[in-house]
Amino acid sequence: MQYLIIGLILLIILLAVLKANSKDAELDLNKLVEALGGKENIIDTEVALSRFKVTLKDISKANKEAIQKLGAKGIVEIDNQLKIILGPESKQLKKYINDLK
């Protein structure tokens, strides 16, 4: 009986943590879009493994420092594109941006 109670408590804690993390992830995606200059500034996006490539209308609107603070492991700027190493969040960000448009 004690193991059942402990199991239920652990399950409740796990669900609470997962719910909190999903809300934080959405906020981070919002902040990433804003750091890219807003959804209006984003022309195109591509994902390759852990890399997120975004083509921007105005590269000067992108805040690379904020993007790094939000978890980017590296950023490369080429013309009007940013290649951002985000890890597994790359696919989530692309889907989130596509849903915004």
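The values are calculated or read from the model by the stated rules, or taken from the named source; none is laboratory data. Quick caveat, the model's predicted, so the values are computed rather than measured. Please note: Cβ atoms are built from the backbone with ideal geometry, for glycine as well, and neighbour counts cover all protein chains shown. Accessible surface areas use protein heavy atoms only, side chains included; no ligands, DNA or RNA. Shrake-Rupley method; radii C 1.70, N 1.55, O 1.52, S 1.80 Å.
Quick notes on this one:
- Flag for Y3 being loosely packed, with under 10 Cβ neighbours inside 10 Å and either aromatic (F, W, Y) or more than 12 Å from the chain's Cα centre (by Cα) (or both): yes
- Residue selected from region 50-68 under the condition aliphatic (A, V, I, L, M) and under 14 Å from the mean Cα position of the chain (by Cα), by the criterion surrounded by the fewest Cβ atoms within 10 Å (Cβ to Cβ): A66
- Candidate set from region 27-40 (those that are modelled with pLDDT of 90 or more and either farther than 13 Å from I67 by Cβ or assigned to a strand (DSSP E or B) (or both)); member that is least open to solvent (accessible area, probe 1.4 Å): G38
- Members of region 80-101 that are open to solvent by less than 80 Å² (accessible area, probe 1.4 Å), touching a helix residue (DSSP H, G or I) at 6+ places or on another chain (Cβ under 7 Å) and in a helix (DSSP H, G or I): L93, Y96, I97, L100
- Qualifying residue in region 1-15 (condition: in a loop (DSSP other than H, G, I, E, B) and at pLDDT 90 or above): no
- Qualifying residue in region 57-79 (condition: more than 15 Å from L29 (Cβ to Cβ), hydrophobic (A, V, I, L, M, F, W, C) and in a helix (DSSP H, G or I)): yes
- Within region 37-49, residues that are more than 12 Å from A62 (Cα to Cα) have Cβ atoms under 6 Å from residues that are of a type in the set (S, T, Y) and open to solvent by 70 Å² or more (accessible area, probe 1.4 Å) in no pair, counting only partners at least 6 apart in sequence or on another chain.
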